[in-house]
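The values are calculated or read from the model by the stated rules, or taken from the named source; none is laboratory data. Note that the structure is a prediction, hence the values are computed from the model and not measured. Note that each Cβ is placed from the backbone with ideal geometry, even for glycine, and that neighbours are counted across all protein chains shown.
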Amino acid sequence: MNIFIIIFSAILMAIILCIAFMLFRRILYNMIDRRIERFQSELIEKQVREIENMYRQVRGWRHDYRNHIQNMKIQLADGNYGKLNEYLDSLACDLDTVDTVIKTGNVMADAILNSKLAAAGKLNVRLHVKANIPEHLNMTDVELCSVLGNMLDNAIEACAALPESERFMRVYIGRLKEHLYVSVQNSAGKVRWEKGTYISTKSDSREHGYGLFRIDRIAKKYGGYVNRQNEEGVFAAEIMIPLTAS
């Protein structure tokens with residue numbers, strides 16, 4: 001009888017421990033999801049501000065377009081070719097700051113890419129970009145912007161930590177075997193590997209970790225694939241997301 005009670009107690013304790021573990025895991029995942037949602041909301045708000053700023057500059061330039069033309073006609077009619085040349089140079093410089101260089105076929109992706117690449121350009125990062133996004137995607141625009149924004153932010157942060165002469169980024173986005181394929185390669189210094197994943201070497205890597213986790217979650221949600229590699233001063237990250245639901 002005593003043995004039966006001992007066995008029954010052990011089984012009961014094991015069940016209680018299993019239930020407690022499952023509840024703890026659920027609570028932990030809920031906490032992580034809430035923190036990721038809060039971080040993602042802040043990230044999207046930041047990206048929206050960047051997009052709005054870029055579009056505001058474009059609208060401002062278009063608004064002044066007629067005035068620019070009129071001014072140049074006056075300079076031309078008066079034979080002020082030197083002043084006209086200076087004016088054209090200033091316009092060209094101004095236009096460089098608002099010109100949409102990358103056109104992927106997706107308006108939201110264009111805004112994110114051009115905003116992030118402009119930030120990389122200010123750091124004198126050598127850029128090589130080729131991007132074309134299929135019209136119909138399995139993921140939402142918010143998820144797409146999250147993936148692109150996080151991947152590019154990580155690459156820019158890595159480049160910023162290096163001397164200007166060593167900074168470069170290579171970005172490729174396109175269709176590959178009925179998947180959306182995104183590849184970002186960048187120069188990188190020391191990269192830490194911990195618990196099966198790469199993490200930031202910054203003193204506060206909380207947001208960086210959330211960004212990687214968010215990318216992984218989106219890929220898992222759609223049955224996609226994520227790969228990250230680091231060797232000889234180059235960090236490469238790539239993601240593949242099916243274009244249609246499986």
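Considering only residues of the stretch 158-190 that are in a helix (DSSP H, G or I) and surrounded by fewer than 17 Cβ atoms within 10 Å (Cβ to Cβ), which is nearest to the chain's Cα centre (by Cα)?
Per the stated criteria, the residue is Ala160.
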Assigned to a helix (DSSP H, G or I) and either modelled with pLDDT under 70 or outside the structural domain of Ile156 (by TED's automatic domain parsing) (or both), is that true of Tyr210?
-> yes
